[in-house]
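The values are calculated or read from the model by the stated rules, or taken from the named source; none is laboratory data. These figures come from a predicted structure and were not determined experimentally. Using ideal geometry, Cβ is built from the backbone for each residue, glycine included, and neighbour counts are taken over all protein chains shown. To get the accessible areas, we keep the full protein, side chains included, count just its heavy atoms, and leave off ligands, DNA and RNA. Shrake-Rupley method; radii C 1.70, N 1.55, O 1.52, S 1.80 Å.
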Amino acid sequence: EGIAGGRPFEINILISPSGPNFTDMPAIAGAILRSISQTLDLTGCEDFTLMETHYLRSYAGLSRKTWGDVFKQMPALKTLRVRLQSISDSGFVRSVISALSIPDITDTLLCSALESLTIEQDRTWSALQCYMMAEDRARRGHPVKELSLRLPHYENLEDLEDTDISILKRVINTVNLDPPEVTSVEFPVLDW
């Protein structure tokens, strides 16, 4: 879901466990995502939230290249949130962060307007990967200004400054461990 040109939008993909294509979803997820991004005009998309819930297997099709193809369609993106509720490590963030470091054919980074990134619950990425992405973007003149994290491996630490958070703060203005609640887009009530 997100906001494009000041107007909210939402895309839901619901798969029934009893449906015939349920077991194929990991293989076709990338193709579905590419199809959506190529079908809709996302050039004005400023705010985008990716949510994945309650799936037990990893998605093989959501690679760096797939996310790169999707982000090419979103040049105005300023805020990106990734929120996972799955019990599996789906790897969304690892490939998303990697894709945000891909320059296009003019050597410009994808989503050059990106300022804010929120990551919740995906344990497959590393702070080093996030640091390298932020450093590369800052060096090319497109810094990430805010990073919000809600991750289990930071929960039981007494002094967060002894972690890699202080290193992330070298290239990102604001790094916090209490991201704002991601709420669903509110659509106006239509009277038919």
field: Long-range amide H partners of Leu109 with built H, under 5 Å
entry: Asp104
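Suppose accessible area is computed on protein heavy atoms with a 1.4 Å probe; arrange Glu46, Glu181, Glu1 from highest to lowest.
Details: Glu46 75, Glu181 135, Glu1 15 Å².
The ranking, largest first, comes out as Glu181, Glu46, Glu1.
In whole percent, how big is the carbon plus sulfur part of the accessible area of region 104-150, probe 1.4 Å, protein atoms only?
Details: 1050 of 2040 Å².
Reported share for carbon and sulfur atoms: 51 percent.
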- request: Collect residues whose amide H, placed 1.01 Å from N in the peptide plane, falls under 5 Å from the amide H of Thr118; neighbours closer than 5 in sequence don't count.
  value: Leu80, Arg81, Val82, Ser148
field: Accessible area of Leu114 in the full protein assembly, 1.4 Å probe (Å², nearest 10)
entry: 0 Å²
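Of Thr66, Thr124, which has the most accessible area and how do the rest follow, probe 1.4 Å?
The most accessible residue leads, giving Thr124, Thr66.
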- prompt: Counting Lys +1, Arg +1, Asp -1, Glu -1, what net charge surrounds Arg83 among other residues with beta carbon under 12 Å of its beta carbon?
  reply: -3
